[in-house]
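Each remark here refers to the structure printed beneath this line.
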Amino acid sequence: MSLPRCALLWARLPAGRQAGHRAAVCSALRAHTGPFPGALGRVPAIACASSSASGGSKAPNTSLFVPLTVKPQGPSADGDVGAELTRPLDKNEVKKVLDKFYKRKEIQKLSADYGLDARLFHQAFISFRNYIMQSHSLDVDIHIILNDICFSAGKSHVDDLFPFFLRHAKQIFPVLECKDDLRKISDLRIPPNWYPEARAIHRKIIFHSGPTNSGKTYHAIQKYLSAKSGVYCGPLKLLAHEIFEKSNAAGVPCDLVTGEERVSVDPDGKQAAHVACTVEMCSVTTPYEVAVIDEIQMIKDPARGWAWTRALLGLCAEEIHLCGESAAIDMVTELMYTTGEDVEVRTYKRLTPISVLDHALESLDNLRPGDCIVCFSKNDIYSVSRQIEIRGLESAVIYGSLPPGTKLAQAKKFNDPDDPCKILVATDAIGMGLNLSIRRIIFYSLMKPSINEKGEKEIEPITTSQALQIAGRAGRFSSKFKEGEVTTMNREDLSLLKEILNRPVDPIKAAGLHPTAEQIEMFAYHLPDTTLSNLIDIFVDFSQVDGQYFVCNMDDFKFSAELIQHIPLSLRVRYVFCTAPINKKQPFVCSSLLQFARQYSRNEPLTFSWLRRYIKWPLLPPKNIKDLMDLEAVHDVLDLYLWLSYRFLDMFPDASLVRELQKELDGIIQDGVHNITKLIKISETHKLLNLQNLSAESQSRLSAVAKSQSRRNRGTKALGSKAAEPLGPDAEEKSLASRLVQQGLLTADMLKQLEREWMTQKTEQGKGRLETGTSLKGTRRKKKEPDSD
């Protein structure tokens, strides 16, 4: 029966018979409009048929559920059928009915049974009410129910709205409809079953355990080189490059695979039997005779641990050699128990002795050839380098954001016995990946900035594992210094260093996991209108893991997802863009990811000529530290291009040309780092960099502040007996800000923030108090000069 015919029959019925024949008419309407939800008593039967029926191991975090928008219905071409069958609705009466529905405790309790907690219930009701009140015409079924509630007392109850409300709630929160399916997709238990090729063979697992400079990696690499085929999985591009070069130098043809680079030794491009790669890039389907997984303790890394878990469980190799700290032995043994594989442990001792000195360096005047000062911030790097240069000494500089080529060049400069450079200033980037001839490690500070689980920046003492990794770089077996020494810059930090080094390393308790693109695609199938960032949040919340695993931190992924959310891309392409490794602290790198994604969405290839224009090539040598940092950001952008070129070859077609350009840029950066003290001096002159308050003595207060007031007081007293560094003015001439920094009551970042706030207040309140505060007065004047920018 057609809808117009149904309406005609309804109109012809006498008024008295309309109510009696309502069931017959509704039966006809169901044939046209679909299932007609029944009264409240029948709701459980309807919902139980849904895949979202209550179940699962844990209640989801409903704060992650973002409501979708359901637009009110506009005028219908067929007119308001519900009004023709009954009568037009009185909006005021309907609003009263809806308010009564919302306040019903029974409704709220029933909603909770279907996954609508108080927050979701409120949001769903607001949307439901807006939909009803703002629609020009409602669906026939809900129009009839509202009419009966408003005008036919006793025939319908406000509770009869619940099926329609629940249907609407599932429209704005589609996750309610498919919770069980989502739980199955995000079930990350029993990860060994994800790798059927590896489970089809019985692998021999050998764990080479020992401290740095114990020869553990050397023995594993010897097995790798003597095998018919093999794969080396390292944590850094530098380490993969090193094994690639060593292997080919030993007459064992070896390919190189990293995120940004592919090098095939065969001229025809035939794959070699050996490959050196970063751990994320290893193949879990290619069979090998021997595999080496370096730095296996990084399986606990909050962001990258999943890559080591994947390699350990998934590599198809007859022998797998693991190199790392003893803290990972129990964890690896437990994981291999679940695969039915035994672990053979080989323990190594350090090849050269290392000792913690009983005295701190205290002054840079006490530096000797072969010293390495380890800092945990770029500002410290710049400050120390400048002070060393003032003393007539040369220093090499290595920190994390430098290009690999520049790091190697600086390491070569430091290691060269004929080079006058005998001092190294570095961050913890020297902990792995570089061969350095260091006699003494000097910790400039023991406090390292970190990001906690809430995304907040914290400053905490370095861990025992980190301290051992860095300290172990002193007195390497292959260097000219056969004995290593370790100390601190400041006297008050020395006892803490000894305490840290003497603590046992905490055993690793869990290995990292990461959702795959396929899992996210299946999630998106059920939640097609949900943003990728929100999909990740829901996936992590729904995920279930065994006690031996954890889900890795995906904040960087979500940052990229939110950055490019407004750009129209397919889910798979969007996922790949979001996995691209970028430094989110670099605005130019972030804007480049956005620009690359935009070009891709327009189907416009990113050619070499376009890229040159985009980065404004050719670039000039750096004139100050800011210029150097900008060049490092451009280098990262070229890395991003190369990374994407191996995923989207047709859209990023000029990888070889870009690589040559990047080598040229690396040379410019190398020259800049070679003259870094000059750049620092220029930056200071133009007030682009304030190092005066970052002297060696002032930095130890970070650890003092972090410990306790009494410890801080002792540190201040100790400072009073020290000679002032030649860099700054005499103590009695220092400004209040400088003294507060020196005493550990302010950090350089806090001082800059105070200066910014002071400037804001000055702008708002006028220049009435301009002459107040001599130390800030000069700073404000400089900021007003155009050249100071």
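See the values below:
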| item | result |
| --- | --- |
| Computed lengthening from ASP546 to ARG572, 0.36 nm per intervening residue step minus Cα-Cα distance | 6.6 nm |
| For peptides 501-508, 276-283, sequence by mean Cβ density within 10 Å, most packed first | 276-283, 501-508 |
| Point-to-point label distance, SER363-LYS96, nm (Cα→Cβ direction, 7 Å offset) | 9.1 nm |
| Nearby aspartates and glutamates by direct alpha-carbon distance to LYS95 (threshold 15 angstrom, same-chain neighbours under 8 apart not counted) | ASP148, ASP159 |
| Segments 533-545, 371-383, 413-425 sorted - mean Cβ within 10 Å per residue, highest first | 371-383, 533-545, 413-425 |
| Residues THR86, THR217, sorted so that the one with the fewest Cβ neighbours within 10 Å comes first | THR86, THR217 |
| Ranked list, fewest to most other Cβ atoms within 10 Å of each Cβ, for MET522, MET298, MET447 | MET522, MET298, MET447 |
| Pairs beyond 25 Å (Cα-Cα), from LYS105/LYS184; LYS413/LYS663; LYS300/LYS663 | LYS105/LYS184; LYS300/LYS663 |
| Order of TYR102, TYR337 under a 10 Å beta carbon neighbour criterion, fewest first | TYR337, TYR102 |
| Among the listed pairs LYS246/LYS422; LYS558/LYS584; LYS457/LYS584; LYS228/LYS349, those beyond 18 Å (Cα-Cα) | LYS246/LYS422; LYS228/LYS349 |
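Every number here is computed from the coordinates shown, using simple stated rules; none is lab data. Remember, it's a predicted structure, so these values are computed and weren't measured experimentally. Note that each Cβ is placed from the backbone with ideal geometry, even for glycine, and that neighbours are counted across all protein chains shown.
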